[in-house]
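Engineer: Take this structure, written in structure tokens, and hold onto it; I'll ask about it next.
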Amino acid sequence: MTDHIPSGGEKLSHAAQEYLIVIYKLGGADGQVPTSAIADRMQVQAPSVTGMLKKLAGMRVVTYSPYNGVGLTPAGRRAALEIIRHHRLLELYLNQVMGFGWDQVDEEAGKLEHVISEEFEERMSQALGNPTLDPHGDPIPSKDGQIREVMHTPLSDLAPGSRAVIRRVSDRSASMLKYLADIGFYPGVEVEVLDRAPFGGPQRVRSASGVHLIWTELGRQIFTEPLASAPSPGGPPGP
């Protein structure tokens, strides 16, 4: 669906859809998100955020209070998940079929996510084998608006001696993704924390590609599952 139409009948602009996505990712599907957090994430001024939130509240896709923040209504959640589904399917298609690196697909998918039709979405999903995860390990919402969110442990929280499998990595930084590709840290790859330097120093982490120093800031963007409950290791998501 190119333009989601809430119950009030007014089409959501692309900018409005972006707000819903940000609110969802900041936790607005289950609670209230401060307007300041939205402004920081979208890099816009607070008055602009307030104006858009009032408009979205009038369309009944968010609940908004100046002092309590904003949350998504059921209609707002459906609209957000619809575009997230588009985005993550596009990322996987761009990566697996068209050869884009996983550090390139977020920007390219962002250009297309608002404009593809439902038929395009369905054919793309079928061509990919109806996948459930994007190249970064993020869950792809189902066609009926369901999503399976799984809590994983940041690599930075693992104690020395821990073994785990990388399940997901943050896609907010293309340069970080490029670096992780260079050292072979993809979803499905097994890692072992050898030790951690004192006074806030990096972890030494071993994988099939060697031993790497992972600083805390980077480790917080890599999400893992204990090896005991994980299957055999995977590999690169694509070119």
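Engineer: Taking segment 72-91 on its own, how many of its residues are assigned to a helix (DSSP H, G or I) and out of contact with any helix residue (DSSP H, G or I) (no Cβ under 8 Å at 6 or more places or on another chain)?
Structural biologist: 4
Engineer: For segment 186-232, which strands (runs of 3 or more DSSP E) that fit wholly inside it have 1 or more residues that are surrounded by 13 or more Cβ atoms within 10 Å (Cβ to Cβ) and aromatic (Phe, Trp, Tyr)?
Structural biologist: By residue number, 222-226.
Engineer: Checking residue 113 against (1) over 17 Å from the mean Cα position of the chain (by Cα); (2) closer than 29 Å to residue 167 by Cβ: exactly one of these is not met. Which one?
Structural biologist: (1)
Engineer: I'm trying to understand the selection: among the residues of segment 21-33, which are assigned to a loop (DSSP other than H, G, I, E, B) and surrounded by 14 or more Cβ atoms within 10 Å (Cβ to Cβ)?
Structural biologist: Start the filter on segment 21-33 by keeping residues that are assigned to a loop (DSSP other than H, G, I, E, B), which leaves 29-32.
Within segment 21-33, 29, 32 meet the criteria.
Engineer: Let me ask you something else. Could you run through segment 17-38 and say how many residues are over 18 Å from the mean Cα position of the chain (by Cα) and at pLDDT 95 or above?
Structural biologist: 0
Engineer: Can you tell me how many residues within segment 108-125 are assigned to a helix (DSSP H, G or I) and either open to solvent by less than 60 Å² (accessible area, probe 1.4 Å) or hydrophobic (A, V, I, L, M, F, W, C) (or both)?
Structural biologist: Residues in segment 108-125 being assigned to a helix (DSSP H, G or I) and either open to solvent by less than 60 Å² (accessible area, probe 1.4 Å) or hydrophobic (A, V, I, L, M, F, W, C) (or both): 9 in total.
Engineer: Considering every residue within segment 126-147, establish whether at least one is assigned to a helix (DSSP H, G or I) and surrounded by 16 or more Cβ atoms within 10 Å (Cβ to Cβ).
Structural biologist: no
Engineer: Now for a separate question. Being surrounded by fewer than 22 Cβ atoms within 10 Å (Cβ to Cβ) and modelled with pLDDT under 95: is that true of residue 44 here?
Structural biologist: Answer is yes for this residue.
Engineer: Now, a different point. Please enumerate the residues belonging to segment 151-165 that are open to solvent by less than 60 Å² (accessible area, probe 1.4 Å) and either out of contact with any Gly (no Cβ under 7 Å at 6 or more places or on another chain) or part of a loop (DSSP other than H, G, I, E, B) (or both). Full working, then the answer.
Structural biologist: Within segment 151-165, the subset open to solvent by less than 60 Å² (accessible area, probe 1.4 Å) is 152-156, 158-159, 161-162, 164-165.
Passing the criteria: 152, 153, 158, 159, 161, 162, 164.
Engineer: Among the residues of segment 87-95, is there at least one that is modelled with pLDDT of 95 or more and open to solvent by 50 Å² or more (accessible area, probe 1.4 Å)? Explain how you work it out, then say what you get.
Structural biologist: First, the residues of segment 87-95 that are modelled with pLDDT of 95 or more: 87-95.
Among the residues that remain, those that are also open to solvent by 50 Å² or more (accessible area, probe 1.4 Å) are: 93.
Looking for residues that are modelled with pLDDT of 95 or more and open to solvent by 50 Å² or more (accessible area, probe 1.4 Å), one finds at least one in segment 87-95, hence yes.
Engineer: Specify the residue that is farthest from residue 172 (Cα to Cα); the eligible residues are those in segment 39-51 that are within 23 Å of the chain's Cα centre (by Cα), in a helix (DSSP H, G or I) and aliphatic (A, V, I, L, M).
Structural biologist: In this case the residue turns out to be 49.
The values are calculated or read from the model by the stated rules, or taken from the named source; none is laboratory data. Given the structure is predicted, the values throughout are model-derived calculations rather than measurements. Please note: Cβ atoms are built from the backbone with ideal geometry, for glycine as well, and neighbour counts cover all protein chains shown. Only protein heavy atoms, including side chains, enter the accessible area calculation; ligands, DNA and RNA are left aside. Shrake-Rupley method; radii C 1.70, N 1.55, O 1.52, S 1.80 Å.
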